[in-house]
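Colleague: Just passing along the structure, written as structure tokens.
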Amino acid sequence: MSRNRTFSIAMRDGGLRAGLAHIFARILGDPRFLRPASSIDFRHFGLDSSPTLNDFIGNLIPEKSSIEIENALRDSIAGIDALMSNSSEELVFPERWNSGKNLQYLLSAMVILLKPSVVVETGSANGASATAICFALNRNQFGYLWSYDIESEVGQLVPDHLRDRVSFVKVSGVESDFRAELQKLDFKSEKSIFLHDSDHSYLGQKSDYLLAKASGFSYILSDDVDTSLAFCDFAGNAGKIFFDAPKFIGAVQGSKL
């Protein structure tokens, strides 16, 4: 990201004071809008950390019992592991771009528990997270996934029998274009989930979070929230985090923002 663009973000989000603070931070060696977030930042902003996926989901969806959460995670783990082990697709993108197992289990379990009508993800890549989401949507026999990426050859891992649950949409990467795509969706009276897993710069993350909030998503999730301070600034003490070594997953309920 260019220095001018980063300065523009600071001005946009915090006004002249934030812009000047960013300039001084660069001079003094602490470029706030460029540096990653740490566990100290998470504590400073009051984000609630969970030691297990069960606890993480319980904090996000407190109306669900521990037995419901355990059953949803158990079914997700068994189903996703079976799908992934049976996949023989040649990957277009590096395997390291795939979402981690814990994020896959989390997404699937939340879909099973919430039964959302719409799920949106940014960053399709090979389709690991899309497979997890579609598995749960298919289990519910309800809901649909819209997966957005700047590339077109994506989603190879999603098996044929789950492809009626997802549309892969190529986007330009321009914020206004993505906003127009989200405005096409009709879900505000239903449960909905938004996952950011694409551009992990401060600008990329904050832009997606704000669009998800403005669109009215019930839950906003993000992988790699440690790559910038965007999630801290966006969610504050309403945010929840889970340490998925060596990175962090963040989530927040839309109504808490």
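Colleague: Report the residue count in the range 60-92 for those that are open to solvent by less than 30 Å² (accessible area, probe 1.4 Å) and either part of a loop (DSSP other than H, G, I, E, B) or small (Gly, Ala, Ser) (or both).
Modeller: Just the residues of the range 60-92 that are open to solvent by less than 30 Å² (accessible area, probe 1.4 Å), to begin with: 60-61, 69, 72-73, 76, 79-80.
Filter again for either part of a loop (DSSP other than H, G, I, E, B) or small (Gly, Ala, Ser) (or both), leaving 61, 72, 76, 79.
The total comes to 4.
Colleague: Within the range 93-106, track down each residue that is assigned to a loop (DSSP other than H, G, I, E, B) and either exposed (fewer than 15 other Cβ atoms within 10 Å of the Cβ) or among the hydrophobic types (A, V, I, L, M, F, W, C) (or both). Talk me through it step by step, then tell me what you get.
Modeller: If we filter the range 93-106 for residues that are assigned to a loop (DSSP other than H, G, I, E, B), which is where we start, we get 93-94, 98-100.
Correct list: 93, 94.
Colleague: Hey, another quick one. Collect the residues in the range 46-101 that are touching a Leu at 6+ places or on another chain (Cβ under 7 Å) and within 14 Å of residue 133 (Cα to Cα), keeping them in residue-number order.
Modeller: 72, 73
Colleague: Now, a different point. Looking for something over 19 Å from residue 249 (Cα atoms), assigned to a loop (DSSP other than H, G, I, E, B) and out of contact with any Gly (no Cβ under 9 Å at 6 or more places or on another chain) - is there at least one such residue anywhere in the range 119-134?
Modeller: Within the range 119-134, not a single residue is over 19 Å from residue 249 (Cα atoms), assigned to a loop (DSSP other than H, G, I, E, B) and out of contact with any Gly (no Cβ under 9 Å at 6 or more places or on another chain).
Colleague: Let me ask you something else. Would you say residue 109 is in contact with a Gly (Cβ under 9 Å, 6 or more places away or on another chain), under 28 Å from residue 72 (Cα atoms) and surrounded by 23 or more Cβ atoms within 10 Å (Cβ to Cβ)?
Modeller: no
Colleague: Please report, ordered by residue number, the strands (runs of 3 or more DSSP E) entirely within the range 147-257 with at least 1 residues that are open to solvent by 20 Å² or more (accessible area, probe 1.4 Å), under 19 Å from residue 98 (Cα atoms) and in contact (Cβ under 8 Å) with a residue 40 or more places away in the chain.
Modeller: 166-170, 240-244, 247-253
Colleague: Checking the structure you have, find out if any residue of the range 84-94 is β-branched (Val, Ile, Thr), touching a residue at least 12 places away in the same chain (Cβ under 8 Å) and within 30 Å of residue 153 (Cα to Cα).
Modeller: Within the range 84-94, one or more residues are β-branched (Val, Ile, Thr), touching a residue at least 12 places away in the same chain (Cβ under 8 Å) and within 30 Å of residue 153 (Cα to Cα).
Colleague: Another question about this same structure. When only residues in the range 39-59 that are part of a helix (DSSP H, G or I) and open to solvent by less than 40 Å² (accessible area, probe 1.4 Å) count, which is nearest to residue 101 (Cα to Cα)?
Modeller: The qualifying residue nearest to residue 101 (Cα to Cα) is 53.
The values are calculated or read from the model by the stated rules, or taken from the named source; none is laboratory data. Note that the coordinates shown come from a computational prediction; the quantities given were computed from them, not determined experimentally. Cβ coordinates were reconstructed from backbone atoms using ideal geometry, including for glycine residues, and neighbour counts include every protein chain displayed. All accessible areas refer to the heavy atoms of the entire protein, side chains included, with ligands and DNA or RNA removed. Shrake-Rupley method; radii C 1.70, N 1.55, O 1.52, S 1.80 Å.
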